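Chemist: The structure under discussion is supplied below as structure tokens; questions concerning it will follow.
The values are calculated or read from the model by the stated rules, or taken from the named source; none is laboratory data. These numbers were taken from a predicted model, which means no experiment stands behind them. Heads up, the Cβs are rebuilt from the backbone with ideal geometry, glycines too, and the neighbour counts pull from every protein chain shown.
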Amino acid sequence: MKSVQVGVFKAEFSEILQKVKEGESFIIEYGKNHKKVAVLIPYQESLEQQPRRTFGYLKNRGSFKMHEDFKMTDEELLGDE
């Protein structure tokens with residue numbers, strides 16, 4: 001994973017975004033001390049890193065599976081706007 005300063009990130013945003021689309025990841029650093037403030041990763045990689053949701057008090061007592069032709073996006077299902 002490459003590190004990039006905020007100024008370079010702003011100046012080379014399109015190029016960095018293209019590299020992210022190709023699968024690269026970046027750590028965004030800020031200030032003279034190079035404080036790490038963010039990570040930019042490909043969208044698909046972020047989906048793979050999300051933990052599975054549990055059923056709370058029903059944990060390990062049931063399960064569910066979405067049918068492969070389910071047409072709703074994660075955002076629509078979860079109400080994230």
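Chemist: Just to verify a result, which residue in region 1-30, among those that are in a loop (DSSP other than H, G, I, E, B) and in contact (Cβ under 8 Å) with a residue 24 or more places away in the chain, is nearest to E45 (Cα to Cα)?
Modeler: S25
Chemist: OK, next. Before we move on, is S63 under 17 Å from the mean Cα position of the chain (by Cα), at pLDDT below 95 and small (G, A, S)?
Modeler: No: the conditions fail for S63.
Chemist: May I pose another question? Name the pairs: first residue in region 59-81 and free of Cβ contacts under 8 Å to residues at least 40 places away in the same chain, second residue of a type outside the set (V, I, T) and assigned to a loop (DSSP other than H, G, I, E, B), Cβ to Cβ under 8 Å, at least 6 apart or on different chains?
Modeler: Between residues of region 59-81 that are free of Cβ contacts under 8 Å to residues at least 40 places away in the same chain and residues that are of a type outside the set (V, I, T) and assigned to a loop (DSSP other than H, G, I, E, B), the close pairs are R61/F55; G62/F55; D74/D80; E75/E81.
Chemist: Has region 40-51 got any residue that is in a loop (DSSP other than H, G, I, E, B) and modelled with pLDDT of 80 or more?
Modeler: yes
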